[in-house]
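All remarks here apply to the structure that follows.
The values are calculated or read from the model by the stated rules, or taken from the named source; none is laboratory data. Computed from a predicted model, the values in this text were never measured in an experiment. A quick note on method: Cβ atoms are made from the backbone with ideal geometry, for glycine too, and the neighbour counts reach across all protein chains shown. For accessibility, only protein heavy atoms count, side chains too; no ligands or nucleic acids. Shrake-Rupley method; radii C 1.70, N 1.55, O 1.52, S 1.80 Å.
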Amino acid sequence: MLCLGIETSCDETAVALCDDGRPVLEKLASQARLHAVFGGVVPELASREHLRCLGPLLDALFAESGLTLAAVDAVAVARGPGLLGSLLVGLAAAKGLCLGAGKPLIGVDHLHAHLMAATLGRAVAYPALGLLVSGGHTQIVRLDGPLAMTVLGRTIDDAAGEAFDKAAKSLNLPYPGGVYIDVLGRGIAPDRTLFPRPYLDNDHLNFSFSGLKTAVAAYVAAHPELRTPAMPDAVGPIDPEAWPMALRRVCASLNFAIAETLRVKLVRAMDGQPAPVASLLAAGGVAANGPIRAMLAEVAARRRVPLYLPEPVLCADNATMIAATGCLLGRAGLTHDLSLAPIPRGRKVPWDYQTAPPAAAGSVDSRSVPQ
């Protein structure tokens, strides 16, 4: 099954082709530089940029892959959660392609697709426990199969990625600030008492990072010398040695506070399952963070379960995960009609698929798909 995936949920415009879940090609346009000066994503600018980039990206995808829309078996599109205007651009494009070419439409839960990115090319044992950490979401999820997902805990306010980015903004670092916090904190021993590990004095699995964000802002306000005098260019490599040690210590301490908070809740979730989990997954943009990946590896080793992490390029928003999840859904005969609606951030994505006869795996002639 050859699936075209379209991703426009936030500030990355991406299209990709997957053949039975195997990545064929992806084309992506990042908006990071556009939004960097604002310290975060401006929704109106994001949707306009999606509209500008999506057509040329689709043209480039088919031209470079040597395939055509006629070879595609289904079109999968991120339907949410995300920025409403951005989602509408991707949905409109997907519906137009399906209507014009007579292809099935598959709406994909953006968060489900993130977790599936960790399973690409791997035989994952279930039940699995998944940690999803990004700029807009922090969740712990139980997966009883690739299409059976139950949310066990979520953030009640700000996500971990929001705390990283807003902390970076306090320090006058460019968006996306989580990358700077990660790199500048590498190799530095954190002050484990500098920032609180938020929302742990409870017995559930929900998260709250708003207090941590406030604590960092208050600390920087009390130590204004930590702020960089001029915001650096967001493009290009980051040389940690060129930065003041006091700033790097703050970054290391924030990395620790967030990674330790995630660890406590993750272990609590593993202990609370009716049967031992067989695998551990993590996904989302913040899953590329070095200390968080190290924490996950340590937890998995102690519990003697395999850990599956996406390649760093697949941690951020991408269309490969949308196309691969579309293959899973399409093979199960799960599709949508053209009334498919976007789901903005803060609302649960419904499981409202229509059931059709399952698509046969490998229904596309493999000779037409680049290996």
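Rounded to whole numbers, the Karplus 3J(HN,Hα) couplings from phi for the stretch 107-114 are x, 10, 5, 3, 6, 4, 5, 4 Hz, using 6.51 cos²θ - 1.76 cosθ + 1.60 with θ = phi - 60°, and x at Gly and Pro. Residues whose amide H falls under 5 Å from that of Leu25, counting only those 5 or more places apart or on a different chain, are Leu17, with hydrogens built in the peptide plane. Where in the stretch 73-101 does the label zone of Ala341 land, with the point 7 angstrom along Cα→C-beta and an amide N cut-off under 15 Å? Within reach of a label on Ala341, which here means backbone N under 15 Å from a point 7 Å along Cα→Cβ, the stretch 73-101 contributes 79-82, 84-85, 88. For the chain, the relative contact order comes to 27 percent (Cα pairs under 8 Å, sequence separation of at least 6). When Cys10, Cys251 are compared by accessible surface with a 1.4 Å probe, the order from highest to lowest is Cys10, Cys251.
At an R0 of 25 angstrom, the distance between the Cβ atoms of Ala356 and Ala148 translates into a FRET efficiency of 0.85. Residue-wise HN-Hα couplings along the stretch 155-161, as the Karplus relation 6.51 cos²θ - 1.76 cosθ + 1.60 with θ = phi - 60° gives them from phi, are 6, 8, 8, 8, 8, 4, x Hz; Gly and Pro carry x.
Of the solvent-accessible surface of the chain, computed with a 1.4 Å probe over protein heavy atoms with every protein chain present, carbon and sulfur atoms account for 57 percent.
For the stretch 67-81, backbone phi angles converted through the Karplus equation (6.51, -1.76, 1.60; θ = phi - 60°) give residue-by-residue couplings of 9, 10, 4, 4, 7, 6, 8, 7, 10, 9, 9, 5, 9, x, x Hz, Gly and Pro being listed as x.
Oblate is the label for the stretch 1-134, because a/c, from the alpha-carbon gyration tensor with a ≥ b ≥ c as root eigenvalues, is 1.5 or above and a/b does not exceed b/c.
Summing charges over all other residues whose Cβ lies under 10 Å from the Cβ of Val108, with Lys and Arg as +1 and Asp and Glu as -1, gives -1.
Distances between placed amide hydrogens fall under 5 Å for Gly153 paired with Ile140, all partners being 5 or more residues away or on another chain. For the chain, modelled as a GNM whose springs connect Cα atoms under 10 angstrom apart, the maximal fluctuation among Gly187, Gly153, Gly85 occurs at Gly187. Only protein heavy atoms count here; under a 1.4 Å probe, Glu298 has an accessible surface of about 90 Å². Considering only chymotrypsin sites (Phe, Trp or Tyr not before Pro) in DSSP loops that have at most 12 other Cβ atoms within 10 Å, the longest stretch of the chain without any of them is 39-350. When the chain is treated as a Gaussian network with alpha carbon springs shorter than 10 Å, the biggest mean-square fluctuation among His35, His50, His137 belongs to His35.
Here's how it looks for Tyr308: its modeled amide H is under 5 Å from those of Leu280, Leu281, Ala282, which are all 5 or more places away or on a different chain. With all pairs of separate Cα atoms included, the chain yields a Kirkwood hydrodynamic radius of 21.1 Å. Volume per residue for the stretch 125-309 equals 116 cubic angstrom (convex hull of Cα atoms). Summary of packing: across the peptides 283-291, 63-71, 321-329, the per-residue average of other C-beta atoms within 10 Å ranks them, highest first, as 321-329, 283-291, 63-71.
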